[in-house]
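All of the numbers you see were taken from the coordinates with simple rules; none came from a lab. Values in this document were obtained by computation on a predicted structure and should not be read as measured data. Neighbour counts are summed over all protein chains in view; Cβ atoms, including those assigned to glycine, are modelled from backbone coordinates with ideal geometry.
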């Protein structure tokens, strides 16, 4: 994903792009289709994007589901939609119950109003008639209160059921926002987290975005194959996660790229955090315990920028990416903090290619 695409995603254009694509292809507006077009828009899987574009302007749902099953898997989408349907059913049942109770109470209110009106308009009521009226009202009030207690019980039961559904939805959302290979947050979760950084402007001076990239990862894949590459990705992810605080956000944003959002730290402290993770990977043994083959050395390069130096998420991403670019092109296996002097280099870096 280019920095321009990243900036566009942060600014909210991604929503409009997806809605336009779904409508222009005549695709049903359902959650699993939006997820498919989201992944295609990010461009992290060129094969998915190519196959989706090849369907033309009138793709069938069967064709879309086949692509989703091939590239994304359908399990997560199915459970999310099932939970979504359950929540709607629970809410619908509760609304019907409350409407029934509202109608019942309105009828009771009308009964009281009509009775009071008749008593006030008649001066020749006998004491016996008044006693009978009071008796009827008392009975009606008792019935209504009993029914009200039953209603409270029903509402409480419904609330408990909906609470369970919400917990399930939270779990499904966690799954949907998790990278299946590394168990870190995925690109979707990163987009949401980065956008939320600018909700608290006062915290921007102690908030940083760190972008990290495995050095020479293509060479590793070419030499040992993708299964080995996947294991190295998972190991690097676990080492990064183990060397930062639990409250630090860590995501795999695509390929061999990672993003770390550090909050509550000065630039010097951010540098120390990055260096701790970098050294831990540099000194980690990447050896096959069975064959004895050593896949190392494996190193990472990191670039970071403080959020206070950016006007929005897109600019923060660009500046962190410029710092990472600088680290890559000045020896790799190092951490670089963004400086304004790097901005000039980053303007033309789109056509410069460094070997990862």
Among residues of segment 219-228, those that are free of Cβ contacts under 8 Å to residues at least 24 places away in the same chain and under 21 Å from residue 180 (Cβ atoms), counted: 4
Every residue in segment 241-256 that is more than 19 Å from residue 191 (Cα to Cα) and part of a loop (DSSP other than H, G, I, E, B), please. 243, 244, 245, 246
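Would you be able to say whether some residue in segment 307-328 is touching a helix residue (DSSP H, G or I) at 6+ places or on another chain (Cβ under 6 Å) and more than 29 Å from residue 201 (Cα to Cα)? Don't jump to the end; show me each part of the working.
Initially, segment 307-328 is screened for residues touching a helix residue (DSSP H, G or I) at 6+ places or on another chain (Cβ under 6 Å), giving 307-308, 310, 313-314, 316-318, 321-322, 325-326.
The next check asks that each one be more than 29 Å from residue 201 (Cα to Cα); those that pass are none.
No: zero hits.
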Mind checking which residues of segment 249-266 are surrounded by fewer than 18 Cβ atoms within 10 Å (Cβ to Cβ) and more than 15 Å from residue 200 (Cβ to Cβ)? 254, 255, 266
Kindly indicate which of 215, 222 is surrounded by fewer than 18 Cβ atoms within 10 Å (Cβ to Cβ) and more than 22 Å from the chain's Cα centre (by Cα). 222
Counted residues in segment 178-200 being surrounded by fewer than 19 Cβ atoms within 10 Å (Cβ to Cβ) and not in a helix (DSSP H, G or I) come to 7
Hits in segment 269-307 - residues which are under 20 Å from residue 339 (Cα atoms), assigned to a helix (DSSP H, G or I) and in contact with a strand residue (DSSP E or B) (Cβ under 9 Å, 6 or more places away or on another chain): 269, 270, 271, 273, 274, 275, 307
Return only the number of the condition from (1) surrounded by fewer than 17 Cβ atoms within 10 Å (Cβ to Cβ); (2) at negative phi that residue 304 does not satisfy. (1)
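Take the residues in segment 201-218 that are touching a residue at least 60 places away in the same chain (Cβ under 8 Å) and part of a helix (DSSP H, G or I); name whichever of them is nearest to residue 273 (Cα to Cα).
Step one: filter segment 201-218 for residues touching a residue at least 60 places away in the same chain (Cβ under 8 Å), giving 203-218.
Those still in the list that are part of a helix (DSSP H, G or I) too: 203-206, 217-218.
Details: 203: 18, 204: 18, 205: 16, 206: 13, 217: 23, 218: 26 Å.
Among those that are touching a residue at least 60 places away in the same chain (Cβ under 8 Å) and part of a helix (DSSP H, G or I), it is 206.
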